[in-house]
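Colleague: Provided herewith is a single structure, encoded as structure tokens, for subsequent inquiry.
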Amino acid sequence: MPQCIAIAGPVTPQVGEILTPEALAFVAQLQRAFEPRRAALLARRAERYAAIAAGSEPTFRPDTAHIRQGAWRVAPAPHDLQNRRVEITGPAERKMVINALNSGAQVFMADFEDANAPTWQNMAEGQVNLRDAVRRTIRFTSPDGADYRLRQHTAVLAVRPRGWHLPEKHAQLDGQPVCASLFDFGLFLFHNARELLDRGTGPYFYLPKLQSYEEAHLWNDVFDFAEEVLRLPRGCIKATVLIEHVLAAFEMDEMLYALREHSVGLNLGRWDYIFSFIKTFSHHPDKLLPDRALLTVPATPFLRAASRLLVHTCHRRGAHAMGGMSAFIPRRDDPAVNEQALAKVRADKSWEAAEGYDGAWVAHPGLVPIVQEVFDQVLGERPHQVEKVPALAGSEAGELLEILRGPITEEGLRTNLSVALEYLAAWLGGRGAVAVRGLMEDVATAEISRSQVWQWVRHGAATAEGRPVTLDWVHTVLAEERQTLERSKGEGVVRYPEAAELLARLVGSRAFVEFLTLPGYDYLR
């Protein structure tokens, strides 16, 4: 076995049960086998961005036309992933895990990525919580004495590891940080794959932030390698790929093909997709986007095209098409506001069900019955509608790059800075899923907020009120929004000074910072 990984973070007795020499040796095997390819693919990302900045326009790849034109299909989904009407997501925090599994949703995606702040404590204890959940021994007692435990019938568990670009600085091999994707995946699989299979389910994953066919193929080879090393049945690892990047939208067929023994679908990550659009075309002043609130899927051409193409691609290949997140948090204190928001959730999910989606995400258990009802009305007794293959207009390449024209407003600027600041302050304090203005925010929405401000400043945008969005004005507004938040939240509650410093760095950087989580990770312990 390869030399073991060195751990730099504190190891409690429970965490020690996860970070065993055998488990770390398995992660080390993954790291040694696949790190060179991961590094090369990340370098390839930079090359593609440079080409687009120089004027190259994304399109469907000619070298993979045979895949898009072929008649292949993915392997059938396991019995417990046939019905995915409602999937709930959230971090692998102990109480959250119990509540999500008990929520009535068909699937719970335990998130080590965008809904999670990657502190060492969160990452290590999250693995403990999932191990206990798989074995149904997980319990939690709140400070007020309330006891939380699993019901007899629970959601199916899926896990989202961190993306290919992220390191785990607390795990070192040969003096270098281990790839966070392999760390999260490897520990969960080592401790839980056999137990899951014995219980009649399996090791299921969501794969985030992929940008190319080759990146999906890397995951496929990781899965095959892991199944062989751990002597698991061939193809038992199943994965849903998140289409969160505009470049990935041009390679959906290819990603399903690369993972065809392991693939069970694609999911449209709306907020990350918008962020990726800004990032990819950051050098293009003709790609300026309006206020974030206007960027809905039906109204935004590039989102609508990606949505339609995703359903068509998935169903043509026998895979599930999973819809976007309903981030609204139900409120008891304001019935009128609650009713309006729930009506919007219902309308959004009704649109997705009519488009052909097989299910959708929610961030709060209170939304599960609403989304369930919407898909029940469309699906009836069927577990899904994979047999429905919607027609395409035939101009997908152009539509995938078509922006929404609309106003940039001072209110939009203030909202972006306030939401990003409040979220980052909580994230730096260890919370990755944060209630802000009645919505459950995660890294993706903070990414949109800061990248829009950067885009507006860089290209000299002006608001609908006629004021240029300058960096000086942004700093002024940021200071004002910070003062407002500190007055309302109280001093010492969250890390506003560091959050404001990080946000100012991100929006004022000369070059676009690819992911806020990379410089942000330096602030975490």
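Colleague: β-branched (V, I, T), surrounded by 19 or more Cβ atoms within 10 Å (Cβ to Cβ) and closer than 22 Å to E441 by Cα - does that describe any residue in segment 154-169?
Modeller: yes
Colleague: So if I check each of L232, L218, L247, L207, which one is in contact (Cβ under 8 Å) with a residue 24 or more places away in the chain and under 24 Å from S56 (Cα atoms)?
Modeller: After ruling out the rest, the residue left standing is L247.
Colleague: Among the residues of segment 251-261, how many are in a loop (DSSP other than H, G, I, E, B) and buried (at least 24 other Cβ atoms within 10 Å of the Cβ)?
Modeller: Total meeting the criteria: 2.
Colleague: If you don't mind, there's one more thing I want to ask. Every residue in segment 379-400 that is more than 20 Å from L266 (Cα to Cα), assigned to a loop (DSSP other than H, G, I, E, B) and either not assigned by TED's automatic domain parsing to the domain that holds A299 or not hydrophobic (A, V, I, L, M, F, W, C) (or both), please.
Modeller: G380, E381, G394, S395
Colleague: Also, I was wondering about something else. Being of a type in the set (F, W, Y) and in contact with a helix residue (DSSP H, G or I) (Cβ under 6 Å, 6 or more places away or on another chain) is the filter; apply it to segment 263-301 and report the residue that is nearest to Y213 (Cα to Cα).
Modeller: Checked segment 263-301; the qualifying residue nearest to Y213 (Cα to Cα) is F277.
Colleague: R482 - would you say it is outside the structural domain of A117 (by TED's automatic domain parsing) and surrounded by fewer than 18 Cβ atoms within 10 Å (Cβ to Cβ)?
Modeller: Here the answer is no, as R482 does not meet what is asked.
Colleague: On to the next question. Name the residues in segment 351-364 that are more than 15 Å from V311 (Cα to Cα) and modelled with pLDDT of 95 or more, would you?
Modeller: W361, V362, listed by residue number.
Colleague: Quick check: is even one residue across segment 476-485 over 27 Å from the mean Cα position of the chain (by Cα) and more than 21 Å from R437 (Cα to Cα)?
Modeller: yes
Colleague: Could you pull out the residue among G9, G104, G16 that is surrounded by fewer than 18 Cβ atoms within 10 Å (Cβ to Cβ) and assigned to a helix (DSSP H, G or I)?
Modeller: G16
Colleague: Just checking, how many residues over segment 120-151 are buried (at least 21 other Cβ atoms within 10 Å of the Cβ) and under 19 Å from the mean Cα position of the chain (by Cα)?
Modeller: 4
Colleague: Turning to a different aspect of this structure: Of all residues in segment 440-468, how many are of a type outside the set (K, R) and part of a helix (DSSP H, G or I)?
Modeller: Counting residues in segment 440-468 that are of a type outside the set (K, R) and part of a helix (DSSP H, G or I) gives 14.
The values are calculated or read from the model by the stated rules, or taken from the named source; none is laboratory data. Note that the structure is predicted; figures quoted are calculated from it, not measured. All Cβ positions, glycine included, derive from the backbone under ideal geometry; neighbour counts span all protein chains shown.
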